[in-house]
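These notes are about the structure you will find just below.
Please treat every number below as a calculation from the coordinates, not as lab data. These numbers were taken from a predicted model, which means no experiment stands behind them. Cβ placement follows ideal geometry from the backbone for every residue including glycine, while neighbour counts extend to all protein chains displayed.
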Amino acid sequence: MSDGNKPIVVGDYYGSPAEKQVFLRKIFDDTAKSYESIAKWGWFGSGDWYRKNALKRNGVTADMRVLDVATGTGQVARALMTILSDPKQIECVEPSAGMIKEAKTRVPVTFHQSTAEKLPVGDDCFDFLTMGFALRHVDSLDDSFCEFLRVLKPGGKVLIMDVTVPKGIVAKSLFRLYFKHILPIVSMIFTWDRNVFRLMRYYWESMDQMVPVENILDSLHEAGFTTVEHNSLLGCFSEYVAEKQSADPKL
């Protein structure tokens, strides 16, 4: 995860910030076929319901054109398909070729292989932009949020869904026990894949080093977004919502 433009090196997974994206692409390529099932039972089957609910609550409507950034295996894109009129209204950006290959078997949308910092789409193209549980994987908050602002139409909105480690001692201890120990071990038992174990351990460490909420909100403001806010659900789910100023400031 980055703090503004300064990436944090997490554990023993890469030797320098410059190696982060190389590591991420390889680990996601190597685990792409297992990722969907792990994500589903790892969150006790609640993910599909939560994503659809979050999208509707935050203003996605049937006629919008939406860009999903860091789409993974297409979980947010599938939720979008239940709301939008046509899959052609969705475009997805994902750095991992393996993840894109898996996502193409599940969602009939346009894919671009790239990072959040360099979105390969035009200016003022989308009504809504989504990112699901991937903010800690970017190299630069500032560069990513500037790109988000660029590709949104005036009045467009961004919704970033992510996980925040709970603050309470008991809640944090249970959260740590599950994500650092139980989930990685159970994932490896079910997949017999040490890469899956390594990815799940990395997930915990990247969550544990997540940039504070205030820094993320500040970066969204500095990028030029208005009405920036953070909503917390159950003490561990975070939703960052921000709007690009309308072409008519009075609207």
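Using only alpha carbon pairs under 8 Å that are at least six residues apart, calculate the relative contact order of the chain and give it in whole percent. Reported relative contact order: 21 percent.
Scaled to the globular estimate 2.2 N^0.38 Å, the Cα spread of region 76-119, given as radius of gyration, is 1.13. Computing FRET efficiency as 1/(1 + (r/R0)^6) for Trp41 and Asp12, where r is the C-beta to C-beta distance and R0 is 30 Å, gives about 0.65. Charge tally around Met207: other residues with Cβ under 14 Å, Lys/Arg +1 each, Asp/Glu -1 each, net +3.
Every helix of 4 or more DSSP H residues in the chain counts as -39500 (n - 2.57), and over all residues that averages to -12500 deg cm²/dmol at 222 nm. For the pair Glu19 and Lys172 in one chain, pulling the backbone fully straight at 0.36 nm per residue adds 52.1 nm over the alpha carbon distance. Taking Cα atoms only, the orientation of helix 213-223 departs from the longest principal axis of the chain by about 40 degrees. For each pair in Lys52/Lys101; Lys88/Lys180; Lys56/Lys104; Lys88/Lys244; Lys20/Lys180; Lys101/Lys172, compute the distance between the two Cα atoms and list the pairs where it is over 29 Å. Cα-Cα > 29 Å for Lys88/Lys180; Lys101/Lys172; rest within. Less than 14 Å from a label point 7 Å out along the Cα-to-Cβ axis of Glu214: which backbone N atoms in region 153-168 qualify, by residue? Zone members listed by number: none at all.
In plain terms, the chain from Thr82 to Asp123 could stretch by 12.1 nm, reckoned as 0.36 nm per residue minus the Cα-Cα distance. Ranked by the mean number of other Cβ atoms within 10 Å of their residues, highest first, the peptides 123-136, 185-198, 26-39 fall in the order 123-136, 26-39, 185-198. Give the angle, between 0 and 90 degrees and rounded to the nearest 10, that separates the Cα long axis of helix 194-208 from the longest principal axis of the Cα atoms of the chain. Long axis of 194-208 versus the principal axis of the chain: about 60 degrees. What the pair-distance distribution of the chain shows, using all Cα-Cα distances binned every 10 Å from zero, is 7, 32, 39, 19, 3, 0 percent. Relative contact order, whole percent, for region 7-152 stands at 24, derived from Cα pairs under 8 Å and 6 or more residues apart.
So which residue, out of Val211, Val69, Val170, gets the largest mean-square fluctuation from a GNM of the chain using Cα contacts under 10 Å as springs? Fluctuation is largest for Val170. Dipole of the chain computed with +1 at Lys/Arg Cβ and -1 at Asp/Glu Cβ about the Cα centre; of Phe126, Leu174, Pro108, farthest Cα towards the positive end is Leu174.
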